[in-house]
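*Asks:* Below are the structure tokens for one structure; questions will follow.
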Amino acid sequence: MKIAFLGHRKIENSEIIRSITTAVIAKLIAQGADTFLFGSRSEFDSLCHEIVSEFKRNNPQLKRVYVRAEYEFISDDYTAFLLERFESTFFPKEVSNAGKAAYVKRNQVMIDLCDLAVIYYDENVSPANSHSGTARAVQYLLKRKKRFINIKSQTI
């Protein structure tokens, strides 16, 4: 099962978010999740990467995949650097020539590839009709009828 992580650049109550996210990821691994798709540029992505990496210590079959929105072609040195933290990385063809929409396109690819998304979305930070990347990702999840768990709604 493939899981995508998407969320705001900043998260609040990070210890509470860490605790809830850890429990969610543990449950997903128990249900067969083995591949985790990560973007970049958000505290939520970084937090989820840390948590999955902790689980990977006892579950070597877990795969962390970095889906790039920048750098279609990367050097061997940069590839080696990324592969210290991820099992693989790729640049989606849909992102080529996307310009300012590169991150939106990358998120859409991640959503299309996943079986379920774990998100951190606070409508008070970015209303559903805003142009934030996370709001657009939520709109796309709904449009594609993808299952997702919003960690923010677990904290209320």
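*Asks:* Would you check if Ala69 is small (Gly, Ala, Ser), in contact with a helix residue (DSSP H, G or I) (Cβ under 8 Å, 6 or more places away or on another chain) and surrounded by fewer than 19 Cβ atoms within 10 Å (Cβ to Cβ)? Full working, then the answer.
*Replies:* Values: small (Gly, Ala, Ser): yes; in contact with a helix residue (DSSP H, G or I) (Cβ under 8 Å, 6 or more places away or on another chain): yes; surrounded by fewer than 19 Cβ atoms within 10 Å (Cβ to Cβ): no.
It is false that Ala69 is small (Gly, Ala, Ser), in contact with a helix residue (DSSP H, G or I) (Cβ under 8 Å, 6 or more places away or on another chain) and surrounded by fewer than 19 Cβ atoms within 10 Å (Cβ to Cβ).
*Asks:* Within 20 Å of Cys114 (Cβ to Cβ) and open to solvent by less than 20 Å² (accessible area, probe 1.4 Å): does that describe Phe55?
*Replies:* For Phe55, the condition - within 20 Å of Cys114 (Cβ to Cβ) and open to solvent by less than 20 Å² (accessible area, probe 1.4 Å) - is not met.
*Asks:* Still on this model: Here is a list of conditions, (1) farther than 30 Å from Ala30 by Cβ; (2) in a loop (DSSP other than H, G, I, E, B), and Pro60 meets all of them except one; can you say which number that is?
*Replies:* (1)
*Asks:* Now for a different question. Out of the residues in segment 80-103 that are in a loop (DSSP other than H, G, I, E, B) and not hydrophobic (A, V, I, L, M, F, W, C), state the one that is most open to solvent (accessible area, probe 1.4 Å).
*Replies:* Within segment 80-103, the match that is most open to solvent (accessible area, probe 1.4 Å) is Asn97.
*Asks:* So, in segment 104-153, of the ones that are buried (at least 19 other Cβ atoms within 10 Å of the Cβ) and of a type in the set (Lys, Arg), which residue ends up modelled with the highest pLDDT?
*Replies:* Looking at the filtered set, the residue picked out is Arg106.
*Asks:* Determine, yes or no, whether Ile20 is outside any strand (DSSP E or B), at pLDDT 95 or above, touching a Ser or Thr at 6+ places or on another chain (Cβ under 7 Å) and open to solvent by less than 80 Å² (accessible area, probe 1.4 Å).
*Replies:* Considered against the rule, which asks whether it is outside any strand (DSSP E or B), at pLDDT 95 or above, touching a Ser or Thr at 6+ places or on another chain (Cβ under 7 Å) and open to solvent by less than 80 Å² (accessible area, probe 1.4 Å), Ile20 comes out as yes.
The values are calculated or read from the model by the stated rules, or taken from the named source; none is laboratory data. This is a predicted model, so every value here is computed, not measured. Cβ coordinates were reconstructed from backbone atoms using ideal geometry, including for glycine residues, and neighbour counts include every protein chain displayed. When the accessible area is computed, the model is the full protein with side chains, heavy atoms only, and any ligands, DNA or RNA have been set aside. Shrake-Rupley method; radii C 1.70, N 1.55, O 1.52, S 1.80 Å.
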